[in-house]
Amino acid sequence: MARWSPYDLNGGTCIAIGGEDYCIVAASTRLSTGFSILTSDKSMILQVNDKCMIASAGFDGDRSQLHKVLNFRSVNYEHFHKKPMSCPAMAQMLGNTLYYKRFFPYYTFNLCAGLDDQGRGCVYTYDAIGSHERVGYSCQGSGKDLVQPVLDNQLKAPSILELPPKTAITSLSKEEALETVKIAFSAASERDIYTGDAVEIFTMTEQ
């Protein structure tokens with residue numbers, strides 16, 4: 001018996017990597033449902049400002065609504081405070097927004113990435129109801145299980161159990177990290193039917 005659901009899983013994969021003086025955000029553009037491709041040219045990235053972006057995989061309807069809400073609040077903040085919202089501030093606001101909807105959550109899996117106040121790359125990864133942490137790199141979406149091992153192997157983040165704590169920012173150069181993103185998407189697109197067609201890649205630096 002067919003059951004109606006308010007949610008759909010439209011696939012897609014997002015990656016973010018934070019470096020010493022840069023941040024890379026990338027996402028595939030394929031939008032699917034079941035075994036059908038709805039479009040090959042759907043952006044999954046919201047550019048909040050020059051130093052902050054949000055990439056979301058999951059249900060396209062909820063992603064569109066979430067990005068609309070976040071963009072409105074970011075513009076409102078900028079008018080009120082006369083400056084753009086910082087990436088850490090946007091990360092906290094995204095977590096609050098997702099938690100507010102926890103009883104009927106946005107079916108999205110999000111990354112907030114950009115540059116912090118010191119110009120260093122910062123990446124925040126989320127679950128569906130807003131729990132988040134700052135990491136050096138992360139990925140979300142249908143290709144996560146394929147991409148995360150590649151990132152772990154190439155970027156070698158320190159364990160959170162190590163004492164004293166070490167920074168999670170990758171030591172790779174911007175060019176090396178960009179090449180790693182391309183390799184990861186190439187691998188995922190060969191094995192995940194919901195990832196493919198094209199990849200949007202954005203690089204943020206202080207200059």
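The values are calculated or read from the model by the stated rules, or taken from the named source; none is laboratory data. Every value quoted in this text rests on a predicted model; they were computed, and no experiment measured them. Glycine gets a Cβ as well: all are built from the backbone with ideal geometry, and neighbour counts include every protein chain shown. Side chains included, ligands, DNA and RNA excluded: accessible areas come from the protein's heavy atoms. Shrake-Rupley method; radii C 1.70, N 1.55, O 1.52, S 1.80 Å.
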Q.
Residue by residue through the range 66-80, what is 3J(HN,Hα) from phi via Karplus (6.51 cos²θ - 1.76 cosθ + 1.60, θ = phi - 60°)? Round to whole Hz and write x for glycine and proline.
A. 4, 5, 5, 5, 5, 5, 4, 5, 5, 5, 4, 4, 5, 5, 6
(Q) Using only DSSP helix segments of four residues or longer, with each worth -39500 (n - 2.57), what per-residue ellipticity at 222 nm results for the chain after dividing by its residue count and rounding to 500? (A) -10500 deg cm²/dmol
Q. What are the lysines whose alpha-carbon lies under 30 Å from the alpha-carbon of LYS42, with same-chain residues fewer than 8 places away excluded?
A. LYS51, LYS68, LYS83, LYS101, LYS144, LYS174, LYS182
Q: Just check the range 1-126 against the gyration tensor rule for me: Cα atoms, a ≥ b ≥ c as the square roots of the eigenvalues, rounded for a/c under 1.5, and otherwise prolate or oblate depending on whether a/b exceeds b/c.
A: prolate
Q.
Through the Karplus equation 6.51 cos²θ - 1.76 cosθ + 1.60, θ set to phi - 60°, convert the phi angles of the range 101-118 into ³J(HN,Hα) values in whole Hz; use x for Gly and Pro.
A. 9, 5, 7, 8, x, 5, 7, 9, 10, 10, 10, 10, 9, x, 10, 7, 5, 8
**Q.** Rough spin-label spacing in nm, given labels placed 7 Å along Cα→Cβ, for THR33 and ASP50
**A.** 4.0
Q | Backbone HN-Hα couplings from phi across the range 33-49 [Karplus 6.51/-1.76/1.60, Hz, Gly and Pro as x] | A | 8, x, 9, 10, 9, 7, 7, 9, 9, 10, 6, 10, 10, 9, 8, 6, 7
Q: Place +1 on the Cβ of every Lys and Arg and -1 on the Cβ of every Asp and Glu in the range 15-139, take the dipole about the Cα centre, and give the residue among VAL135, GLY18, ALA91 whose Cα lies farthest towards its positive end.
A: ALA91
Q: Sort HIS79, HIS132, HIS67 from largest to smallest accessible area, using a 1.4 Å probe on the heavy atoms of the protein chains.
A: HIS79, HIS132, HIS67
Q.
Along the Cα→Cβ direction, 7 angstrom out, place labels at GLU200 and THR97. What is the inter-label distance in nm?
A. 1.4
Q | Sorted peptide list for 118-124, 98-104, criterion being average Cβ within 10 angstrom, highest first | A | 118-124, 98-104
